[in-house]
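Have a look at the structure below before the remarks.
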């Protein structure tokens, strides 16, 4: 059967997901089991018999391309300990306090873009907004952020399966990892000497405590927060804007204030075209699942892009419907690995999309085929040419 990672289309993989699901919602492929249904994907994500690390392996001790694995790739108890140390930075109270600043950044970016009638929205808004927010949250100086746009794409591409990466892409990923390790290593030394009101300073101060982070943990956590805090949000804003412009009836509902105040329209946009298309899991013990007997160490790929368009869960799943109630999408994952920054991402997308469509009543796509990044796991546009007026 088809390996979901080798699908021919990055522009629109959803028809191929549909074809695969018609064959079977559980498939055995070259990369292991592949689950395409919402039922099985959500069940795996909630099941503590499935995890991220290799069975019996102490995750903290494993080094990959010169870097310790972040807590995103670890299982309890290490995952619980490390996630707990950073979770307060993404609490509802902290996110609410960030709202005025996110609005200000958005307004400033749109002001700067307004001189030109035609702009690439990825460069004008989608990328600089979340990278500015996460850097300010972490405590990265403004003058250092320009280099991130050079190295961050290599890390995002490096999330794809090893078999899909060229030798040069693997080397680029290694260079990016070493750059971020060196950068954050130097920044941590500065913050220990002169701490500020930022997350890196706070994390560095608990290093010596019993539950603190050692340097390997700290570096891995900093890189994770930088990547997770901007890459998926960049893609989500772009996917959302393009989806709205291709569905003018839904854009009219949002622009005209015709949606209920509590309508989960950001979640519907995330369901419709998720920035994270795949997640990987591995059995931590022998498991009976989906009618199969799986030995410890069995690999599985969860096709979230397919699960989010499962007709057993979502009526008319290929249709964007901002009035859709109770959008139980898997775009932020589920269970203990549920996205730590989900509330921040929702808020950034809400502010970016609302501000854009209110200020640009004649917003339209520039004609031409969409240009997507050549990524499988993280789905997003490389460019989004639009006319603001």
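Just so it is clear, none of the values below were taken in a lab; they were calculated from the coordinates. For clarity, every value in this text was computed on a predicted model and none was experimentally measured. With ideal geometry, Cβ positions are generated from the backbone for all residues, glycine too; neighbour counts draw on all protein chains shown.
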Please report, largest first and rounded to whole Å, the three semi-axes of the ellipsoid equivalent to the stretch 251-381, where each semi-axis is the square root of five times an eigenvalue of the C-alpha gyration tensor.
33, 17, 14
Largest-first ellipsoid semi-axes for the stretch 271-333, taking √(5λ) over the Cα gyration tensor eigenvalues, angstrom:
29, 12, 9
Centre separation in Å (Cα based) which lies between the stretch 215-231 and the stretch 233-268
30 Å
P(r) of the stretch 88-224 over all Cα-Cα pairs, 5 Å bins starting at 0, rounded to whole percent, reads 2, 8, 16, 18, 17, 17, 12, 8, 3, 1, 0, 0
Residue 107 versus residue 163: modelled label distance in nm, points set 7 Å from Cα along the beta carbon direction
5.2 nm
For n ≥ 4 DSSP H runs only, could you compute -39500 (n - 2.57) per run for the chain, divide by its residues and tell me the 222 nm figure to the nearest 500?
-14500 deg cm²/dmol
Taking each pair of distinct Cα atoms in the stretch 4-387 once, what is the resulting Kirkwood hydrodynamic radius in Å?
21.7 Å
Protection proxy ranking of 309-317, 140-148 - average other beta-carbon atoms within 10 Å, highest first:
309-317, 140-148
